[in-house]
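Got a structure for you, questions after.
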Amino acid sequence: MAKSESSGDTSRPWQSYHTAYTNAKAGMEGVDKEKVQKIVYEMSKGSKYFENEERKEAFIKQKIENMRAQFAKLTAAEISHYQKVADKRILELEATRDLTRIWLHVDMDAFYAAVETLSNPLLKGKPMAVGGMSMISTANYEARRFGVRAAMPGFIARRLCPELIFVPTDFKKYTYYSDLTRKVFQKYDPNFIAASLDEAYLDITTACLERGMTGGEIGEELRKSVYEETGLTCSAGLAPNRLLAKVCSDINKPNGQFVLPNDRTAVMTFISSLPIRKIGGIGKVTEHLLRDVIGITTCEEMLQKSGFLCALFSRSSADFFLCVGLGLGGTNTPQVKLRKSISNERTFPATDDEAFLFQKLVDLAEMLSTDMKKESLCGRTLTLKLKTASFEVRTRAVTLQNYICSNEDILKNASKLLKAELPISLRLIGLRMSQFNEDKDGNPSDPTQKTLSNFIIFGDATGRNMDDQTSFCSDFSDDHFTTERRTVSVDNHEIHQNDLRDPLESNGIPSANNSNDVLRYYENELEKNHGSLDNKSEAEFDGSSLDNLKKRTNLLDSEAVSSSNQNEQCFWVDDYKCLLCGVELPPTFVEERQEHADFHLAEKLQKEESDSNPRSPIPKQRIIQKDHMKSQTRHKKKHKSSHGDGKHLPIDTFFVKSNQNF
DNA sequence: GGGAATCTCCCGC
DNA sequence: TTCCAGCGGGAGATTCCC
């Protein structure tokens, strides 16, 4: 959605609509790019996705503006200083150049699509994509001629190519063929690095020496061997390091290879006109930042403008950019890296149906637990990922006292995180576990370090056992991250923690396989909670459908999970009339009702404040409200900072990639 | 101030 | 008709506690 610098022609707005799939990919030469852009734009315009892309684009624009302002403020003395810093760093990096290794990057051609064609020859020669209407994983070369490519929604792909054949993904099949290719790779480098199912890096220096062959000859032999073993073609790139080998493998795709000699001049010539976007780790955002702030579009310019890179970016980012300019990349075989996290996520039609959302959580917890057990993993940081109906992504994490891997433990903690976000309309839920037990033997460790999480979850930092704390953890008071309130007053009626326990708590967790059970369980819980309120005012409830029940109990439920909804003073007579002032607001006016309730709450607080004895305790509601505001402020601040400060580029990308590619 | 936890962002396949 | 994934990695910023 980049309404970027080039979007001057308002009669052709699609020209500024840049997405991952409007960029050229191998096999897309000759595609009418403008036609594709126009179709993609027309089909996306007005959607929630489109609106979110616009929001994201605005943030990037702001980032660029911030960095431009910094750029403009640089004094002559500062520029001179940073140039010296850069020159020194370039010399240091140059000294690390190693031209003794020969790296080969092998990339299978349209892998998933090729495998599918292999198992169904009728697909041969026809435009085909692997995936579904929502998203396609890859497309064969026939489909790419229409502009269809990976990471494109299927419905757009079909518009571009009406005769497109869709084939569902079958990872078992791809893994099988991937294993076959890896057996071949192993012959050339037993320590090869598998980057994905269809990509690998091989250090073939030893193979070249032992066989008296050049890198190019080995590349040809390896590709032939892969074809013989699998019936699939691949492309290869040969270069002195992984970063360059990766770039090279894309040059003669499909079924070809490119050799970059182990010679400094050859490397520097190769890199000189190379667009920065070709480098792994430089994506859309980084490309825009470098181009629009400093005017860098080629790798060579990284060196020419090295002083500005050092002035505007963090040390590690600048280092990465300078390495790119010098054509340096990884030459050593890195140690085998242990897995850092494991996750599951699922997309579904956007909904705010809490029973549905909790059922999704049940499913995800079970999947995650199964996956963790398969790999003998136990972790202590659980992250809940949410994508709202408007495509906003949120994550909420908790670090636990003990390492966990059981379905029950995951669910118990995940549901607490989710509860704190309700009510919410979501289109995706994900669960990720990290901070694994290092010994990987599945035995829970007992980290005794006192942490904020311990405090939050256990109410103290003594490291008491979770089971001992079950009821407390399930208490909604911990949703407010406080330790003192074990009951909450609702108009003089105390709701005990057990009355409001987590519907997915381990005691009585419904079967993950039976969504009806979950729904029934959830409904029971609603009714239980509701019962407490019934004591207050029978007149409010007319005992009708579950939907009405849910609507009516929403108020109370929300109190239990969100500190923003402390509207105890507000009751809706006949489900639409405020008991306090008589204003009529139907249940569908959720936000308006909330605002109205907040108004009464504020009114009440004001009254309490003026009436209260200065020495008496602060009213509970105020504590809650304050907690909430604090939390809100924190989120707002983060939001602002993460988008407002263009100085620090996410280095991770670079060094994640540098780890992979160097 | 340091360390841990949390959250967001970026990237690639 | 359908209407933008799932997974993994990690840096940087911020907040909080000690």
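The values are calculated or read from the model by the stated rules, or taken from the named source; none is laboratory data. The model shown is predicted, which means the values in this text are computed figures rather than measured ones. Note that each Cβ is placed from the backbone with ideal geometry, even for glycine, and that neighbours are counted across all protein chains shown. The accessibility values were calculated without ligands, DNA or RNA, using every heavy atom of the protein model including side chains. Shrake-Rupley method; radii C 1.70, N 1.55, O 1.52, S 1.80 Å.
Which of the residues spanning segment A:132-153 are outside any loop (DSSP other than H, G, I, E, B) and either at pLDDT below 90 or hydroxyl-bearing (Ser, Thr, Tyr) (or both)?
Start the filter on segment A:132-153 by keeping residues that are outside any loop (DSSP other than H, G, I, E, B), which leaves A:136-139, A:141-144.
A:137, A:138, A:141, listed by residue number.
Results for (1) in contact with a helix residue (DSSP H, G or I) (Cβ under 8 Å, 6 or more places away or on another chain); (2) over 17 Å from residue A:254 (Cβ atoms), shown as yes or no for each residue.
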site: A:173; (1), (2): yes, yes
site: A:186; (1), (2): no, yes
site: A:189; (1), (2): yes, yes
site: A:192; (1), (2): yes, yes
site: A:198; (1), (2): yes, no
site: A:205; (1), (2): no, yes
site: A:229; (1), (2): yes, yes
site: A:234; (1), (2): yes, no
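Hey, can you tell me all the residues within segment A:85-112 that are part of a helix (DSSP H, G or I) and in contact with a helix residue (DSSP H, G or I) (Cβ under 8 Å, 6 or more places away or on another chain)? Please lay out each step first, then the result.
Keep residues of segment A:85-112 that are part of a helix (DSSP H, G or I), which gives A:85-94, A:111-112.
A:85, A:86, A:87, A:89, A:90, A:93, A:94, A:111, A:112, listed by residue number.
A further question follows. Which condition number in (1) open to solvent by 60 Å² or more (accessible area, probe 1.4 Å); (2) in the same structural domain as residue A:194 (by TED's automatic domain parsing); (3) β-branched (Val, Ile, Thr) is the one that residue A:269 fails?
The single condition residue A:269 does not satisfy is (2).
I'd like the residue in segment A:159-176 that is in contact with a strand residue (DSSP E or B) (Cβ under 8 Å, 6 or more places away or on another chain) and outside any loop (DSSP other than H, G, I, E, B) and, out of all such residues, is farthest from DNA strand C (Cβ to nearest atom).
Let us first name the residues in segment A:159-176 that are in contact with a strand residue (DSSP E or B) (Cβ under 8 Å, 6 or more places away or on another chain), namely A:164-169.
Checking which are outside any loop (DSSP other than H, G, I, E, B) leaves us with A:165-167.
Working: A:165: 13, A:166: 9, A:167: 14 Å.
Looking at residues that are in contact with a strand residue (DSSP E or B) (Cβ under 8 Å, 6 or more places away or on another chain) and outside any loop (DSSP other than H, G, I, E, B), I get A:167.
Find the residue count for segment A:371-419, including only residues that are under 17 Å from residue A:429 (Cβ atoms) and in a helix (DSSP H, G or I).
Qualifying residue count, segment A:371-419: 12.
Out of segment A:302-318, which residues are surrounded by 21 or more Cβ atoms within 10 Å (Cβ to Cβ) and within 26 Å of the chain's Cα centre (by Cα)?
Result: A:313, A:317, A:318.
In segment A:420-459, what residues are modelled with pLDDT under 85 and not in a loop (DSSP other than H, G, I, E, B)?
Residues satisfying the conditions are A:452, A:453, A:454, A:455, A:456, A:457, A:458.
So, in segment A:178-206, how many residues would count as being assigned to a helix (DSSP H, G or I) and open to solvent by 40 Å² or more (accessible area, probe 1.4 Å)?
Of the residues in segment A:178-206, the ones assigned to a helix (DSSP H, G or I) are A:178-188, A:205-206.
Applying the additional criterion that residues be open to solvent by 40 Å² or more (accessible area, probe 1.4 Å) yields A:179, A:182-183, A:186-187, A:206.
Total meeting the criteria: 6.
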